[in-house]
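Working notes for the structure below.
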Amino acid sequence: MNGIFSAESLLNQIIISCNDFLWTYILTGGLVICALWFTFKTKGFQFTMFPEMVRLLGEGTQKDGGEHISSFQAFAVSIASRVGTGNLAGVASAIAVGGPGSVFWMWIIALLGSATAFVESTLAQLYKRRGRHSYIGGPAYYMFYGMHSKWMAGIFALLITVTFCMVYISVQANTIVGAMDKAFGVDPVVMGIILVVLSTVCIFGGIQRIAKVSSVLVPVMAVLYVLLVVFIILTNFSLIPHVFEVIVSNAFGFEQFAGGTFGVMLMNGIKRGLFSNEAGEGSAPNIAASADVSHPVKQGLVQALGVFTDTLLVCSCTAFIIIISGIYDQGDLSGIQLTQGALQYEIGSVGPTFVAVAIFLFAFSSIIGNYTYGEMNVRFLTRNKKWLLATRIMNAVVMVFFGAIASLDLVWNLGDLFMGFVTICNLVAIVSLGKHVFFLLDDYRKQKKAGIKSPEFHRSQMPEIEKDLRCWD
């Protein structure tokens with residue numbers, strides 16, 4: 001057993017070294033620069049078109065997509081992947097490692113990153129294809145049909161399948177196991193077996209079942225969690241100015257600069273923010289492409305709203321609970337157990353139990369949501385059903401169980417590493433193809449200004465790439 005733990009420790013150290021290089025020299029600046037560029041080129045749409053985002057989401061709830069999933073169902077599945085471990089455990093880890101100032105940088109990357117999310121999801125809609133039961137698309141498709149780069153599309157499809165279908169699944173499972181162990185003392189092996197059974201049932205049910213489950217579970221669990229936080233905030237209302245003061249002062253404090261911890265805080269805020277809202281990572285576009293809408297921009301706006309929902313609402317809820325409790329600097333708690341400890345401080349022994357149940361719903365919906373992205377990209381790589389079956393088994397059985405028994409540090413560091421690889425690949429593509437999104441957004445705005453309530457797009461509007469837009473007759 002000592003040999004196993006030593007090997008895991010060595011692997012963890014290697015991964016940490018790779019992460020330090022990747023996030024210090026490439027990703028932190030790259031994400032911010034891309035987000036600023038897209039915000040500038042779209043004229044700050046995330047601020048000026050927020051009411052339209054909300055209207056479109058409501059419109060999606062009233063539509064039945066038929067054999068295709070609706071705009072709202074696509075939003076719900078993407079939120080199922082976003083709202084989960086990153087909100088309850090990821091925020092706690094960011095605060096534990098980088099301090100409360102990390103929360104401020106999570107907010108900034110969400111506000112700016114929503115522009116990146118808009119661009120990638122609009123591209124996914126533009127280059128989507130008709131599948132057997134639903135539309136299919138995503139970064140691999142806009143790399144292949146938009147950039148005409150088969151090798152890049154193949155690399156991305158492989159990377160995102162490994163990242164979401166394997167690595168992220170283990171992170172979600174690990175968080176569920178940690179929460180259940182603290183709240184109920186459930187053995188990790190037993191909990192791992194339970195998760196394997198449940199995920200197998202859902203995953204072998206297909207995208208329609210996943211969409212239906214997510215559209216019910218996600219709103220319910222998010223509302224319950226937010227209501228609890230609102231209760232805690234109201235009962236500690238006098239501390240709210242202090243919470244904002246702690247977050248902002250730590251984000252720009254002299255101690256952070258002098259002590260050399262500013263970089264750690266900034267990178268943790270961006271990493272945990274990206275893990276939570278996935279803006280620029282290339283995951284949400286996979287499900288955004290499957291929505292049945294009349295204009296690509298519509299789903300881009302809806303998916304941008306998902307970033308706000310995830311980080312500015314749910315992540316902030318967790319941050320407020322932890323900072324109000326004041327236990328974040330004790331050093332002996334991290335991840336989901338820090339969130340449980342904060343709730344226990346606020347509402348007593350029922351706190352860890354509530355978080356355990358909430359994280360089970362949040363993270364389990366993320367498991368099936370993450371699998372959706374993997375399946376779409378496996379279908380892009382090959383039509384051989386044996387590979388799809390192998391992916392389902394690897395996801396629902398092997399990686400779920402691995403996550404249940406592996407250490408918290410190992411699964412999170414693996415997540416950061418593969419998140420970095422897949423994000424770099426996607427950012428290159430969306431910067432290259434962004435000009436098409438800017439054209440589409442201008443077209444959408446012109447139609448709205450002309451009094452057209454529901455703008456439509458036809459591929460003849462873009463003759464230079466018309467042959468690549470098969471779904472927009």
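Against the condition modelled with pLDDT of 95 or more and either buried (at least 20 other Cβ atoms within 10 Å of the Cβ) or more than 22 Å from Tyr127 (Cβ to Cβ) (or both), how does Leu441 come out, does it pass?
Yes: the conditions hold for Leu441.
I need the full set of residues from segment 362-385 which are touching a Leu at 6+ places or on another chain (Cβ under 6 Å) and at pLDDT below 80, in order please.
Ser365, the sole residue that qualifies.
Quick check on segment 445-459. Is at least one of its residues on the phi > 0 side of the Ramachandran plot, without any contact (Cβ under 8 Å) to a residue 24 or more places away in the chain, surrounded by fewer than 18 Cβ atoms within 10 Å (Cβ to Cβ) and more than 22 Å from the chain's Cα centre (by Cα)?
Scanning segment 445-459, I find at least one residue that is on the phi > 0 side of the Ramachandran plot, without any contact (Cβ under 8 Å) to a residue 24 or more places away in the chain, surrounded by fewer than 18 Cβ atoms within 10 Å (Cβ to Cβ) and more than 22 Å from the chain's Cα centre (by Cα), so the answer is yes.
Do any residues in segment 394-405 that are touching a residue at least 12 places away in the same chain (Cβ under 8 Å) have Cβ atoms under 9 Å from those of residues that are open to solvent by 70 Å² or more (accessible area, probe 1.4 Å) and of a type outside the set (A, V, I, L, M), where the two are at least six apart or on different chains, and which pairs are they?
Filtered contacts from segment 394-405: Ala396/Phe204.
Report yes if Arg392 is open to solvent by 20 Å² or more (accessible area, probe 1.4 Å), touching a strand residue (DSSP E or B) at 6+ places or on another chain (Cβ under 9 Å) and in a helix (DSSP H, G or I), otherwise no.
It is false that Arg392 is open to solvent by 20 Å² or more (accessible area, probe 1.4 Å), touching a strand residue (DSSP E or B) at 6+ places or on another chain (Cβ under 9 Å) and in a helix (DSSP H, G or I).
Ala429 fails exactly one of the following numbered conditions: (1) small (Gly, Ala, Ser); (2) open to solvent by 20 Å² or more (accessible area, probe 1.4 Å); (3) modelled with pLDDT of 90 or more. What is the number of that condition?
(2)
Test Phe362 against the stated conditions and say whether it is surrounded by 18 or more Cβ atoms within 10 Å (Cβ to Cβ) and over 23 Å from Ile155 (Cα atoms).
Against the criterion (surrounded by 18 or more Cβ atoms within 10 Å (Cβ to Cβ) and over 23 Å from Ile155 (Cα atoms)), Phe362 qualifies.
The values are calculated or read from the model by the stated rules, or taken from the named source; none is laboratory data. The model shown is predicted, which means the values in this text are computed figures rather than measured ones. Here the Cβ is made from the backbone with ideal geometry for all residues, glycine too, and neighbour counts use every protein chain on show. Heavy atoms of the whole protein, side chains included, go into the accessibility calculation; ligands, DNA and RNA do not. Shrake-Rupley method; radii C 1.70, N 1.55, O 1.52, S 1.80 Å.
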